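The block underneath contains the structure these notes are about, expressed in structure tokens.
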Amino acid sequence: MVSRAKTRLFQSEYLGLDSASLRRSLALRLTYSLAKEQTAATVHDWFLALAYAVRDRLTDRWMDTQRVHEEMDAKQVYYLSLEFLIGRSLTNGLINLGILGVVRDVLTEAGISPEEVLEMECEAGLGNGGLGRLAACFLDSLATLNLPGCGYGIRYEYGIFTQRIDENGAQIEHPDNWLRYGNPWEFPRPEILYTVRFGGRVVEVRDEGDVPRSLWVDTHDVMAMAYDMPIPGFCGPTVGSLRLWSAKASRDFDLDYFNRGDYIRAVEEKNATENISRVLYPSDTTDVGRKLRLRQQYFFVSASLQDIIKIYQQRHTDFELLPERAAIQLNDTHPAIAVAELMRLLVDQYHLSWGRAWNITRRCFSYTNHTLLPEALETWPVATFEALLPRHLQIIYRINYWLLQEVTHHFPGDADLLARISLVDERNERRLRMAHLACVGSHHINGVAALHTELMRTTIFADFHRLYPERFLNITNGITPRRWLLLANSSLAVLVREAVGKCWATDLNLLTELRPRAEDAGFREEVRNVKRANKKTLANFIQRQVGITIDAESLFDVQIKRIHEYKRQLLNILHVVAQYRRLRADPGLEMVSRTVIFAGKAAPSYHLAKLTIHLINAVAEVVNHDPVVGGRLRVVFLPNYNVTLAEQIVPAAELSEQISTAGHEASGTGNMKLALNGALTIGTLDGANIEIRDAVGPDHFFLFGLTAAEVARLRRDGYNPWNFYEGELRAVLEMIAEGYFSVTDPGRFRPLVERLTVGGDPYLVLADYAAYAACQARVEAVYRDPEIWTKHAILNIAAMGPFSSDRAVQEYAQRVWKVTSVQIPQRGVGAATTNPERRGPSCRQ
């Protein structure tokens, strides 16, 4: 057996972070992993060799981290999320190891373009929007803060979809085959395999002690196989884990059918089983799609809980200590079935009494709610649920019985309360309320921004707050400054470092020291130069990607997020059309040149969201080619929005559109990323916008629109959008409805106009339009003075300290999870670093 000392000697020699060690690693990987001579290696070969070399260095720290956590029997955070939008792992690993500059030099010396190599990585198709990106930021912060933790999710074979825009400007979805050429960051774990069961029936029996037991029999079984990915902390020894589950059939295929020549039938059962981990968010417009979603949710939850219990049982036999060793976080409602599954495992498999199991379960789980929209608070028809998970239906019924008994005890005679709080919605088709299950089965329930939490307490979960007020708290979301400033905007990061010192990347509150620099004309010029360079880079990217030439000196007005009615991309495009009308009416009109940039995906079945994308592109086609406009107004839709594209757009943005209907956005994190990079926010008092405005000051934030209370009052009093259908707004809507932007199909965009008028305008676009247009005029007035604008931008950056994901994760750790950091010793290669500025866990840049 090779001694640990010899292993460390090998690691020090071959896995160092200096240029010589990296050159050796690249050469060895090209030869022994890829069988390529350097002279014959393609750019993709160099990418794989570099990825493996970086992975080698992370693996050493990763194994040390796991070993220390096991030896200390440390309490672990288990983060259950249907999405992890991790972005590219190579650049993240290079930044967190502190060797991005060294690697660039090594590749350049070898005659290889570092940019081409880094661009070869296909972004992991493991998430879609803010929910998944938050989960990724949290894993980064867990490792950076040396907190024991692991993310659990699904290894989607195809992600959600790759978005393309056809020649008419409409969204077209294609499979996101991100695993086509493999994933160098994952470690398959065929020995970690769990059975996940569906269907069947429940049989009641009595055991040897005459205790009644429920047996779940005649099930259709699916195997869940683990794939692990390392998640490095920033310039430290801790490397966390992301464990993803892939569905495997219990047998490859039916050989009898195959031998008879019925090849399709032979493999169809295998394919149907493995569809569980095929695609993120299958369409919910069909019964098959809805059932697949439920199967996905239970599949990853069951495998994860079985894994958590197995890890726990390696050191413990008494389940009473499980809540002291496992903090299980439900990231939104998708994993809520975990409450019933843990009860099933404890009661049916490990034979705990119901009361004891319920006490343990409620002490293990905590629940983060991410939405106030009723359609996002998942419910399942009882019939569907019973067919797939009959034992869990029994468990939920029993939980509901005790819940209703508790409510009756505290609030006797309130039948309406019982109906509202029940886990079963008895109206029309009986449905199970999964958010209610998460609330009753968790010891803490948190919102993700101050307004969101208050609305959560007073609206969707008002009854649970009345019953369990001590469970509710707010933890505002955050973003990792390592990816969203240090990596995405390295030039600005250099200025920040020179101004506030070396430790800002792990102590974002140091940004407050930038405030006096807002008065420094020289510093303002440096900040403007960085923004100008980033804008030129984005302008060149836009030219390459979509063939639109834009003025890099124009105002870059950015709205990048999932396409949804409540996020109100329509409000933005209506204002664009209004500006276009003004220019057409008065070609000599003086106005600030503006480039309005959109990006975001619409769910394949969300017709109005897809039609909004179509409208944006149709308006762009007309505006961008009208000689009267003369380039003073440009509209750009960048397809296939993801983390990598955001890293291109965010550093160049100057105006951040955060214009959702007040009371609908839980938090938002795009608002934080853009402000951290010096964009000024135009927004409503919604989600984290409120806290951002409080932090930056009202003079440095462009506020407009109805408040959440005013929105509620307007709806209660009977909102009539026709009251706002006048003047410029009416002319704009008529242009769209009558086919000005769709000459070959004049009625194409009429459904959007009808949604805003006869459809009742559910998100109050018309009600807020006049205030939005007036606010945009204020934006233009401020932008005319570069010194004032830059001062606002610097003060926005300086105020972003509270919006670090490190702060958010620390709050969870202290207030919810009750976990503490575990220091991983720096030994051998773990202690070797080419980063001379590292000063310990709080100063790692």
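The values are calculated or read from the model by the stated rules, or taken from the named source; none is laboratory data. From a predicted model like this one, the values you see are computed outputs, not experimental measurements. So basically every Cβ, Gly included, is an ideal-geometry build from the backbone, and we count neighbours across all protein chains shown. The protein model used for the area step is the full one, side chains on, heavy atoms only, and it has no ligands, DNA or RNA in it. Shrake-Rupley method; radii C 1.70, N 1.55, O 1.52, S 1.80 Å.
Structure notes:
- Amide H partners (placed H, <5 Å) of T333, local residues excluded: H370
- Taking a ≥ b ≥ c as the square roots of the eigenvalues of the Cα gyration tensor, the range 539-648 is classed as oblate, since a/c reaches at least 1.5 and a/b does not exceed b/c.
- Anchor K291: lysines whose Cα lies under 23 Å away (excluding residues fewer than 8 positions away in-chain): K248, K270
- If a spin label sat at a point 7 angstrom from the Cα of A709 along the line to its beta carbon, the backbone N atoms of the range 658-672 nearer than 16 Å would be those of 662-663.
- Using only Cα coordinates, the Kirkwood hydrodynamic radius of the chain works out to 28.6 Å.
- Take each peptide in 646-652, 515-521, 561-567, count the other Cβ atoms within 10 Å of every residue, and average; sorted highest first, the result is 646-652, 561-567, 515-521.
- Length-normalised contact order for the chain - Cα pairs under 8 Å, 6+ apart - percent: 15 percent
- Computed 3J(HN,Hα) for the range 77-92, one whole-Hz value per residue from the Karplus formula 6.51 cos²θ - 1.76 cosθ + 1.60 where θ = phi - 60°, is 9, 10, 9, 8, 8, 6, 9, 9, 8, 7, x, 6, 8, 5, 4, 4, glycine and proline marked x.
- The trypsin sites (Lys or Arg not before Pro) of the range 673-777 include none that DSSP puts in a loop with a beta carbon having at most 14 other beta carbons within 10 Å.
- Packing here is the average count of other Cβ atoms within 10 Å per residue, and on that basis the peptides 674-681, 293-300, highest first, run 674-681, 293-300.
- When the solvent-accessible area of the chain is split by element, carbon and sulfur atoms take up 51 percent of it, the probe being 1.4 Å.
- Within the straight-line cut-off of under 29 Å between alpha carbons, the lysines reachable from K75 are K310, K818, sequence neighbours fewer than 8 places apart in one chain being disregarded.
- Cleavage-rule hits, GluC sites (Glu not before Pro), the range 164-253, DSSP coil, Cβ neighbours within 10 Å at most 16: E167, E208
- Calculated from backbone phi, Karplus (6.51, -1.76, 1.60) coupling profile of the range 272-285 in Hz, x at Gly/Pro: 4, 5, 6, 4, 4, 10, 7, 9, 6, 6, x, 4, 9, 7
- Largest first, the residues M72, M120, M223, M800 sort by 1.4 Å accessible area into M72, M120, M223, M800.
- Full-extension gain in nm, Y32 to E738, via 0.36 nm per residue minus C-alpha separation: 247.7 nm
- An oblate overall shape is assigned to the range 89-129, the ratio a/c of its alpha-carbon gyration tensor axes (a ≥ b ≥ c) being 1.5 or greater and a/b not exceeding b/c.
- Gyration tensor (Cα) of the range 629-688, equivalent ellipsoid semi-axes in angstrom: 21, 15, 12
- Relative contact order of the range 720-794, taken over Cα pairs closer than 8 Å and 6 or more residues apart, is 26 percent.
- Fully extended contour minus Cα-Cα distance, from E621 to A20, at 0.36 nm per residue: 211.1 nm
- Local electrostatic count at D785 - Lys and Arg +1, Asp and Glu -1, tallied over other residues with Cβ under 13 Å: +3
- Within the chain, helix-based [θ] at 222 nm, where runs of 4 or more DSSP H residues each add -39,500 (n - 2.57), nearest 500: -14000 deg cm²/dmol
- Length available on full extension from D699 to A450: 0.36 nm per residue minus the Cα-Cα distance, which gives 87.6 nm.
- Overall form of the range 698-737 per C-alpha gyration tensor (a/c, 1.5; a/b vs b/c): oblate
- Relative contact order of the range 7-157: 28 percent, from C-alpha pairs under 8 Å at least 6 residues apart in sequence.
- Averaged per residue, the range 626-743 has 32 square angstrom of accessible surface, using a 1.4 angstrom probe with ligands and nucleic acids left out.
- Loop trypsin sites (Lys or Arg not before Pro), the range 393-463 (other Cβ atoms within 10 Å of the site Cβ: 10 or fewer; DSSP): R427
- Of all lysines in the structure, the ones whose alpha carbon falls short of 23 Å from that of K610, not counting any fewer than 8 places away in one chain, are K561, K567, K601.
- Less than 5 angstrom separates the built amide H of L242 from those of G151, M229, I231, all sequence-distant by 5 or more or on a different chain.
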